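What follows is one structure encoded as structure tokens, with my remarks underneath.
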Amino acid sequence: MTDIPLNLDVALGVTIPARNARGRAVRLGASIDSILANHSYPPVIETLLAEALALTALLGSLLKDAQGQMTLQAQTENGIVDLLVCDYLNGELRGYVRHDAERLAEAGPAPSLFALFGKGYLAITFDQAATKERYQGIVPLEGDSLGQAAQSYFTQSEQIPSIVRLAAAKGDSGWTAGGIMFQHLPEGEEGRERIHTKLDHPEWAHVAVLAGSAKDEELLDRGLPLDELIWRLFHEEGEVRILPAVALSRGCRCDPAYVRSVIARFPPEERAQMVGEDGFIRVDCAFCATDFPISLEEVSGPASG
Ligand SMILES: [Zn+2]
């Protein structure tokens, strides 16, 4: 019943009941372009962030709570990339990367995940708005790709056998990023008692092989709607249920009014020290690389002091 186009800037959920598997497929286009447009990252970092945003969309769209938030954070002590943050709220994505441009230039055109992060960690946080519950899992950032790191996050930290594939590339029509993720949930989607889940479950092995056969070209093919991609991978299954699609877009939640209210809480002397040469306090949002000029008058509040 969905009227959301299934080619770009969309996440699609899938279940394969007979295999106790659930999955997600995502493809991003304009949303990636508009996130990257606010930064001027080198190609390696753009590709990394595009893949991270595809992963964020895969994970975020798992949230049942529409106001729930998912945050993906990769960080290291002394990697070329010291911080990568992406988040998801109600179909909106944003993200940024902090990196050392000089060391990156020395690392060549296609550095490995390890070359970028060194000994790093991947943290995935789900905040449920309805219940105010927060759940965070952290795993070492291992493997050749962000997809593999996410896969080991679920397999090790969550004890959920999972397969994750991510791809991103820039073409004539801009950036495309795509991903699929499938998980084995023999105990159903609820509950966390999955320690005894066998990784070699035959019904799961089959799903993992089929999902793993997705090629980068297919993940990135803007002409291939996600339901057709799923069908291509799983057409021999007896029943594949396609769930409602979720439209995805770039969205930053930085809020000038909120920033002003924070600054207004500083003592007047400290506020005065924040003013730059142009006469404004400048506060910038790392996610969208936008800065807000705030004048002292705006934040001096009633009868300050
Ligand atoms: Zn922002």
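The values are calculated or read from the model by the stated rules, or taken from the named source; none is laboratory data. These numbers come from a predicted model, not from an experiment. All Cβ positions, even for glycine, are placed from backbone atoms using ideal geometry, and neighbour counts span all protein chains on display. Keep in mind that these areas ignore ligands, DNA and RNA; they rest on the heavy atoms of the full protein, side chains included. Shrake-Rupley method; radii C 1.70, N 1.55, O 1.52, S 1.80 Å.
Leaving out ligands, DNA and RNA, what percent of the accessible area of the chain is carbon and sulfur, probe 1.4 Å?
With neighbouring chains kept in place, the figure for the chain is 52 percent.
Taking amide hydrogens as modeled 1.01 Å from N in the peptide plane, which residues meet the under 5 Å criterion relative to L93, leaving out close sequence neighbours?
S249, R250, G251
Which angle from 0 to 90°, rounded to the nearest 10, does the C-alpha axis of helix 43-60 make with the longest principal axis of the chain?
70
Could you calculate the contour length gain from D221 to V209, that is, 0.36 nm times the residue separation minus the distance between their Cα atoms, to one decimal place in nm?
2.3 nm is the gain from fully extending D221 to V209.
Read phi for every residue in the range 202-208 and hand back ³J(HN,Hα) as whole Hz from Karplus 6.51 cos²θ - 1.76 cosθ + 1.60, θ = phi - 60°, with x for Gly and Pro.
x, 5, 6, 3, 5, 4, 4
Compute the accessible area per residue over the chain, keeping the other protein chains in place, probe 1.4 Å, unit Å².
Here the residues of the chain average 49 Å² of exposed surface.
Would you mind calculating the relative contact order of the chain from Cα pairs under 8 angstrom and at least 6 residues apart, reporting the percent as a whole number?
24
Quick one: dipole size for the chain, taken about the Cα centre, charges +1 on Lys/Arg Cβ and -1 on Asp/Glu Cβ, in debye to the nearest 20.
440
Apply the Karplus curve 6.51 cos²θ - 1.76 cosθ + 1.60, θ = phi - 60°, to the phi angles in the range 62-77 and return the couplings in whole Hz, x for Gly and Pro.
Coupling constants for the range 62-77: 6, 5, 7, 7, 4, 9, x, 10, 10, 10, 10, 9, 10, 8, 9, 7 Hz.
Amide H of A21: which non-local residues (sequence gap of 5 or more, or other chain) have their own amide H closer than 5 Å, using H built in the peptide plane?
The list, which skips near neighbours in sequence, is I16, L185.
Simple spin-label model, 7 Å along Cα-to-Cβ: E102 to F114 in nm?
2.6
Mind listing the phi-derived Karplus ³J(HN,Hα) values for the range 13-18, rounded to whole Hz, using 6.51, -1.76 and 1.60 with θ = phi - 60°, and x for any glycine or proline?
x, 9, 10, 10, x, 5
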